[in-house]
1. Enumerate the aspartates and glutamates that residue 124 could reach by cross-link, defined here as Cα to Cα under 18 Å, with residues fewer than 8 away along the same chain left out.
2. Mind scanning 38/246; 78/192; 144/275; 201/267 and naming the pairs with a C-alpha gap bigger than 29 Å?
3. Indicate the gyration tensor shape class of the stretch 81-149 (rounded, prolate or oblate), computed on the Cα atoms with a ≥ b ≥ c the square roots of the eigenvalues: a/c under 1.5 is rounded; otherwise a/b larger than b/c is prolate and the rest oblate.
4. Sort the stretch 189-235 into rounded, prolate or oblate with this rule: let a ≥ b ≥ c be the square roots of the eigenvalues of the Cα gyration tensor; rounded if a/c is under 1.5, and if a/c is not under 1.5, prolate when a/b is larger than b/c, oblate otherwise.
5. Which Rg and Dmax, in Å, describe the Cα atoms of the chain?
6. Per DSSP H run of n ≥ 4, the term is -39500 (n - 2.57); total these for the chain, divide by its residue number, and report the mean residue ellipticity at 222 nm rounded to 500 deg cm²/dmol.
7. Placing +1 on the Cβ of each Lys and Arg and -1 on the Cβ of each Asp and Glu in the chain, which of 68, 240, 276 has its Cα farthest towards the positive end of the resulting dipole?
8. Size of the dipole of the chain about the Cα centre, Lys and Arg at +1 and Asp and Glu at -1 on the beta carbon, nothing else charged, in debye to 20?
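Derivation of every value follows stated rules applied to the coordinates shown; laboratory data play no part. It should be emphasised that the depicted structure is a prediction, and the values quoted were computed from it without experimental measurement. Every residue, glycine as well, gets a Cβ built from its backbone with ideal geometry; the counts of neighbours run over all protein chains shown.
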Amino acid sequence: MNEKLVILAAGLSSRMKKSISSKGVSSEAIQQANQISKGLIGLGKNKRPLLDYLINNARISGYKSIYLIIGEDSKLFKKTYSNNPNFSDLSISFAIQYIPEHRIKPLGTADALVQVMEQYPELKKTSFSVCNSDNLYSVNALSKLREDPATNSFIAYDAKHLKFPEDRLSSFAVTILDNQNKLLNIIEKPKKEEIDSFRDKHGVIRVSMNIFSFKGDQLYKYVKSCPIHEERNEKELPIAVLNMIKDFPGSMQGIPMAEHVPDLTSKDDIIEIEKYLGEF
């Protein structure tokens, strides 16, 4: 059974650093948001990093090995999670997403997976899950994904249960599933006026929050050969997934889910995540 979770944490958090906060965000949180990776911002009454809450949920869900993909200068991640006594029962490894010489930013999520799979070749031979470091996925979602018998799968969230402003949906990925919930298409960052047209037969808009499980030996070819997106200038995991299901129709199973996923993109999101953590 799948016991490995890869967490994407090599982004530069540029949108967080550029964002302007409202009055409800503490000066300490603003300072952290401007200086460190957003997954390390202290949250909740104990001011623990968002990543702590995510890793703890993964542990409860049955994951045993965590692979953190971080940037070349991400010493704080290693300082925080190397031999961390809170997670002594887990194996936590670090993979570096190196930036090509001609770029100033990482080459994207598909490239991140290439690099972690090449640095830890065991991932090419086994099943593993992947998720973002700036979303707080529930134990329910992580467990369903880990236990799903399909070769490749992802959580297909009901947009109605995501507690985001309607216009924010256009910053996520809308998915199209068939009658057996097999993935047919992913529409990244759809136009606002298009979103309603993607409702399924039940009237539900299904959103991907970038949480997948893969069979490594099938995925590797597609992340390795993933083209650079013309507009966003990155190698994006959803493009690799679409190329894979083009060659293997029906190979990506959607797992319908109706719950919220806290998202840490801007400084104002800190307030919403603090509220969410206060509910538990």
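1. Answer for residue 124, where 18 Å is the Cα cut-off: 3, 111, 217, listed by chain and number.
2. 38/246; 78/192; 201/267
3. Prolate.
4. Details: a/c = 3.46, a/b = 1.53, b/c = 2.26.
The shape class here is oblate.
5. Considering the chain through its Cα atoms, Rg and Dmax are 17.9, 50 Å.
6. Values: 9 runs with 84 residues, N = 280.
So the helix-based figure for the chain works out to -8500 deg cm²/dmol.
7. Positive-most Cα among the choices belongs to 68.
8. 400
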